[in-house]
Amino acid sequence: MADKGRLKIQCYVNDTYIPVDGTKAVLKPSSGQEGESKEVNLVTNSSGETEIIELDAPPFSYSQEPSRPTPYSLYDLRIERPGFQDLLINGVQIFPQSLAIQQCNLIKSSNTRSSRADVINIAPNTLNGNYPAKIPEEVDKPLPPPTSGVVLPKPVVPEFITVHAGSPNNDSAPNYKVPYKDYIKNVASCEIYSTWPESTIRANIYAIISFTLNRIYTEWYRGKGKNYDITNSTAYDHAFNYGRNLYDSISVIVDDIFSSYIRRYGRKQPLLTQYCDGKNVQCPGWMTQWGSKYLGDQGKAPYEILTHFYGTDIELVTAEVVEGSPKSYPGYDLTVGSSGTEVQTIQEQLNRIAQNYPLIPKVAVDGVFGNSTKESVKVFQGVFNLPQTGIVDYATWYKISDVYVGVTRIAELRGSVKKTFIPPVSFDIMNNKNLPTLTYFDD
């Protein structure tokens, strides 16, 4: 191996943002990889994450041109924690000069140590594997009578998306309900390389978002009586591999533009942005992934890349509604010197998140953005893979919102409810009968 990549592991309870500390992670090269006998042992901290480690990876040049050897190295990961089922993840993909993020959603077990393990097998990247080519579709689709009985005036960003892990004709394939942003990150990590130019990654993510929101807005599958929004068959939709690792270079861009999509001038629906690899398959009128890479190499902006393939009669639009967020982004960044109810909202949410993430400093809820609030934001950004600016921008606002909802979802009953406050503690002592608690009523 001629280069190095990096990996961070994050462990949560089920599909929440509740971190799992003290989790043992055992990592070793997959069968057939160099250094197969080497093992790395890691343990998660109070934020449920391991330290970032360096791992061997192939030369950077392998991911810059087609017809080169596999551009990533493969590692197998075993996750163990008393009180949870073991988790095996085979084939974690490590690119050179790139930070991989492996999120582990752990399932609670009634036994101290589970005898069975969940297994996730990560499939090859579509540019490096054998996948069916996209079947061409008409771009403009009629809007069917909505299943909800309400016509959506404009596209909205859903909180969750249900993915069918098979073709539309395979009714036995499982469905996965996943957070929308995690889905977009997963697809991009399956479809392109994390080492490509930022403008190329952005252009491809715009296309992935637009295609996905078109499927949802037109109710393409639900209008046909299906119980899902999209499939993971590349013949019909995008690749999606439940539980696979993501990449920092992709994640930060999705967090920044997750609500922006492409549409034709004068049209309401997001453009059905079909694409192909441009190497094994040619697709006139569609974006080619390798073609977008070369345009990025030339310094083209994301919009220039998109208009090169889809024509100049397109615009980038931001959806006004983001479902699942308690409060919408105020329209401007919050930074030192800002004040008002928006700052107070962030302070309240950070303090609630800090109950589960004690590394995040708690702050006074005074509606004034001072240095202590900036420091709390910076620590939050570091934990959740955002640039550590200390500024609450669009991406940070909605990530704080996501995590706040994620750590409070278990107790989201409304009205006057008798509740018990339990101080932030390790899972090892959470059920200790001598643990001090406080009972209160929440109106």
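The values are calculated or read from the model by the stated rules, or taken from the named source; none is laboratory data. Keep in mind that this is a model prediction, so the values were computed, not measured. Quick reminder, even Gly has a Cβ in these numbers, built from the backbone with ideal geometry, and neighbours come from all protein chains shown.
Tabulated values for the structure
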| read-out | value |
| --- | --- |
| Leading residue by the ranking (modelled with the highest pLDDT) among those in region 153-170 that are part of a loop (DSSP other than H, G, I, E, B) and touching a Lys or Arg at 6+ places or on another chain (Cβ under 9 Å) | Pro168 |
| Segments classed as strands (runs of 3 or more DSSP E), wholly inside region 1-84, with at least 3 members that are among the hydrophobic types (A, V, I, L, M, F, W, C), under 24 Å from the mean Cα position of the chain (by Cα) and under 19 Å from Phe384 (Cα atoms) | 3-13 |
| Among (1) closer than 22 Å to Gly296 by Cβ; (2) surrounded by 23 or more Cβ atoms within 10 Å (Cβ to Cβ), the one test that Thr70 misses | (2) |
| Scan of region 253-283 for residues that are free of Cβ contacts under 8 Å to residues at least 24 places away in the same chain and either charged (D, E, K, R) or in a strand (DSSP E or B) (or both), ordered by number | none |
| Residue within region 327-334 that is free of Cβ contacts under 8 Å to residues at least 24 places away in the same chain, in the same structural domain as Pro179 (by TED's automatic domain parsing), assigned to a loop (DSSP other than H, G, I, E, B) and not basic (Lys, Arg) present | no |
| So Tyr236, is it more than 30 Å from Ile52 (Cα to Cα) and either polar (S, T, N, Q) or out of contact with any strand residue (DSSP E or B) (no Cβ under 7 Å at 6 or more places or on another chain) (or both) | yes |
| Set Gln33, Gln10: member being outside the structural domain of Tyr404 (by TED's automatic domain parsing) and at pLDDT below 95 | Gln33 |
| Count of residues meeting criterion [out of contact with any Lys or Arg (no Cβ under 7 Å at 6 or more places or on another chain) and either part of a helix (DSSP H, G or I) or modelled with pLDDT under 95 (or both)] in region 284-300 | 10 |
| Test set (1) farther than 28 Å from Trp290 by Cα; (2) touching a strand residue (DSSP E or B) at 6+ places or on another chain (Cβ under 7 Å) - Pro59 fails condition number | (1) |
| Test for Ser148: is it modelled with pLDDT under 95, surrounded by fewer than 14 Cβ atoms within 10 Å (Cβ to Cβ), closer than 27 Å to Trp196 by Cα and outside the structural domain of Gln274 (by TED's automatic domain parsing) | no |
| Residue tally, condition at negative phi and over 26 Å from the mean Cα position of the chain (by Cα), over region 280-299 | 6 |
| Index of the failed condition, Ile122 passing every other in (1) closer than 23 Å to Ala2 by Cβ; (2) surrounded by fewer than 20 Cβ atoms within 10 Å (Cβ to Cβ) | (2) |
| Set Gln289, Gln274: member being crowded, with 17+ Cβ neighbours inside 10 Å, within 23 Å of Tyr131 (Cα to Cα) and in contact with an Asp or Glu (Cβ under 6 Å, 6 or more places away or on another chain) | Gln289 |
| Scan of region 368-379 for residues that are within 15 Å of Trp397 (Cα to Cα) and assigned to a loop (DSSP other than H, G, I, E, B), ordered by number | Phe369 |
| Candidate set: region 168-217, residues that are over 25 Å from Leu295 (Cα atoms) and of a type in the set (S, T, N, Q); chosen: the one nearest to the chain's Cα centre (by Cα) | Asn175 |
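Each row is one residue, and each column tells you yes or no for (1) under 25 Å from Gly48 (Cβ atoms); (2) at pLDDT 95 or above.
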| residue | (1), (2) |
| --- | --- |
| Pro58 | no, yes |
| Arg81 | yes, yes |
| Asp86 | yes, yes |
| Asn90 | yes, yes |
| Ser98 | yes, yes |
| Gln103 | yes, yes |
| Ser114 | yes, no |
| Ile120 | yes, yes |
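Conditions tested, residue by residue: (1) modelled with pLDDT under 95; (2) more than 21 Å from Val157 (Cβ to Cβ); (3) in a loop (DSSP other than H, G, I, E, B).
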position	(1), (2), (3)
Gln347	no, yes, no
Leu359	no, yes, yes
Gln388	no, yes, yes
Asp402	no, no, no
Arg414	yes, yes, yes
